[in-house]
């Protein structure tokens, strides 16, 4: 593949990005695949996962990382180039055992950079990368994306003690690790190139912040949908819905709306084990003083309580608490990642001041809590997949 | 002390007396266990055992529940075995309940292996006994047989990090006795006895002896080795006195004192001081002819509210008629553990 220069313009000048293919060609190929995806759902994917991939692959979404990193595409030939970016080299990715969709999403984002990619799927986890590649490869024809996926992408499945972990680390120019904090440390401890960078996505948790004035059935549905995808296990899933400035009655109103709307959000039965664990979680929460109820057919537990009260586990337990703004800030967990908001004025300066003094990594509308992107966990990690060359003509 | 224990375990049931005792026990825990009353705040008058409240078995992995009242002296904590990364269940034992539980398990096991006292050989390491304030489930199961023993020997040595069967202890017992009781987890009976390379000399000594093997702990590990029940029994009983036998029992630490032995007709029998309800996991409706979650109950637990437990084991009630093995009363079939699915998410779960 021959390298091609792509130009972008931002306020500080022009940037040239060298890619081993035509970016338009790759985005067109993804779009062609996307049209094929609308007609078929491979058995490995849930409908929600497939729908999310479809929206992720929209051409305007795929151009967004370049826009955020380098500016708008610039078809002109004038103006001095201030910066040249080129792919760093091999990107090794350790995927977590239980966030299956991150595999395809990371593959898509890295494919835009042209870097060779080696991905490790957890030995016990369900792999969605290879089913996605198996779906994509025969449907792509002979375009630049097909060549990239065939020649530059390697996916393997092995355990944490396998010698290939060391090999992946030693050869990588960028190491991306999804998993627990311990997993990130373990990968970082493996031998690696001196100029290799580590992007570690460790343990995080998220919350939904909702003002009582914003509580409607639509917001409750949105909260339920965002929660139901992963339950509290997702780092972007709300473990707690905080009624900012609300009262217990406000929290109960939200809980009751959720209770009646839940069957619409999760019309199908959860598996028997989840139903059983929800019975357990309801009792656990009640024992600790939460006003906890099961939704219809034991699909989830909705626990109403106070800020700072010990929260319980369980596969589908959503805690709901009223809190003043200060209480909510005081009880933010140290590993807070996303605040999904439904606020009267989320653009208010006070919210920016909050972000400035807390560890919150993302502050996004409720419905966008799970949107994975080039800036993640406080890092513009996608841009780090390029080496940047300062240019002074 | 429950009067239900005055009769043999599989004598005809007195369901009215059982419901009355269970209702009183429920009220007892509601009065003296604050967590329990928070979980079941509304008192109701049960019309059948299916109306009785329960605690989910998983709760005992999260909370150490205790019912504190006059006459209740908590002693040690019983721990379930747990796989890596999982919390064990913790059951707070007390004197009053322990006495009932010992009486119950002895009565049930006597039905299966007879009342004679004989040497008890435990396929475990004696060092597992010596945990201050705690007792493991496998040791507790073995100790339930102790009243039937004239002497007890632990046959495993785990000091080298790997289990070794102490054949020399067995040889010593065989020189003195013709009748033995052997207890072990199901997979240990296979790996540490049947397939542990028993020396020929001991095999000869064992030939013709009457041995009752009692095991528990499920078949998961042996199924992974593709060993079926018939094969295990054939291996264990080869060359022994024909009056020898193998008893597979099902029990939980959360129901200590009550075990459900598998009878010759493949049924699990419910002693008259216990009961079983099968429930739909999505509605909790009692199921009479379909498989569902097993709710186990007994009248033996005073020190903590583990008298009525919703398990994650699946089972099905068998027709309410006398079993081909001759025992009357309630019986059920144990099917499997509720299958788990992978949790999708990225938090530290």
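Remarks
- Relative contact order, whole percent, for chain B stands at 20, derived from Cα pairs under 8 Å and 6 or more residues apart.
- Relative to the 2.2 N^0.38 Å rule of thumb, the stretch A:205-368 has a C-alpha radius of gyration ratio of 0.96.
- Against the main long axis of the alpha-carbon atoms of chain B, helix B:167-176 sits at an angle near 80°.
- Rounded, prolate or oblate (a/c below 1.5 giving rounded, otherwise prolate when a/b exceeds b/c) for the stretch B:95-251 by Cα gyration tensor: rounded
- Residue-averaged 222 nm ellipticity for the protein assembly as shown, from DSSP H runs of 4+ at -39500 (n - 2.57), nearest 500: -9500 deg cm²/dmol
- Seen from a random direction on average, the alpha-carbon convex hull of the stretch A:268-327 projects onto 4.1 square nanometres.
- Cα shape, the stretch B:1-160, gyration tensor, a/c 1.5 rule: oblate
- Proxy reagent accessibility, fewest Cβ within 10 Å first, across A:360, A:38: A:38, A:360
- Principal axis extents of the C-alpha atoms in chain A (largest first, rounded to whole Å): 64, 45, 44.
- Mean-square fluctuations from a GNM of chain B, with a 10 angstrom spring cutoff on Cα atoms, peak among B:201, B:235, B:158 at B:201.
- Cα centroid of the stretch B:1-67 to Cα centroid of the stretch B:218-238, whole Å: 36 Å
- Residue among B:214, B:276, B:227 with the largest mean-square fluctuation in a Gaussian network model of chain B, springs linking Cα atoms under 10 Å: B:227
- In this calculation the C-beta distance from residue B:238 to residue B:322 is compared with R0 = 30 Å, giving a FRET efficiency of 0.40.
- Over the protein assembly as shown: Rg over Rh, Cα atoms, Kirkwood Rh: 1.05
- Residue order, fewest to most beta carbons within 10 Å, for A:210, A:311: A:311, A:210
- Length-normalised contact order for chain A - Cα pairs under 8 Å, 6+ apart - percent: 16 percent
- Computed from Cα atoms, the angle from the helix A:23-39 axis to the main principal axis of chain A rounds to 40 degrees.
- Between the beta carbons of residue B:228 and residue A:76, assuming R0 = 51 Å, the FRET efficiency works out to 0.10 to the nearest 0.05.
- Peptide-level mean, for A:230-237, of C-beta atoms on other protein chains within 10 Å: 5
- Net lengthening on full extension, residue A:346/residue A:332 (0.36 nm per residue, minus Cα-Cα): 3.2 nm
- Computed FRET value (nearest 0.05) for residue A:324 with residue A:249, which takes r as the C-beta separation and R₀ as 22 Å: 0.90
- An ellipsoid equivalent to the stretch A:185-245, defined through the eigenvalues of its Cα gyration tensor, has semi-axes of 37, 12, 9 Å when rounded to whole angstrom and sorted largest first.
- Gain in span if fully extended, residue B:175 to residue B:8, counting 0.36 nm per residue against the direct Cα distance: 56.7 nm
- A P(r) calculated from all alpha carbon pairs of chain B, with 10 Å bins opening at zero, reads 5, 24, 33, 25, 11, 2, 0 percent.
- For A:268-277, mean number of other protein chain Cβ atoms within 10 Å: 6
- For the Cα trace of the stretch B:245-349, dividing Rg by the Kirkwood Rh returns an Rg/Rh value of 1.03.
- The equivalent ellipsoid of the stretch A:215-274 has semi-axes of 21, 14, 10 Å, largest first, where each one is the square root of 5 times an eigenvalue of the Cα gyration tensor.
- Proxy reagent accessibility, fewest Cβ within 10 Å first, across A:192, B:320: B:320, A:192
- Here the relative contact order of the stretch A:205-368, from alpha carbon pairs under 8 Å that lie six or more residues apart, stands at 30 percent.
- Per residue of peptide A:123-132, the mean number of Cβ atoms on other chains within 10 Å of the residue Cβ is 1.
- Sorted on the mean count of surrounding Cβ atoms within 10 Å across their residues, most packed first, peptides B:169-182, A:118-131 read A:118-131, B:169-182.
- Overall form of the stretch B:128-194 per C-alpha gyration tensor (a/c, 1.5; a/b vs b/c): oblate
- 0 to 90° range, to nearest 10: angle between helix A:217-230 axis and chain A longest Cα axis: 60 degrees
Readers should treat all values here as calculations from the given coordinates under stated rules, not as data from a laboratory. Not measured: the values here are computed from a predicted model. Cβ atoms come from the backbone with ideal geometry, glycine included; neighbour counts cover every protein chain shown.
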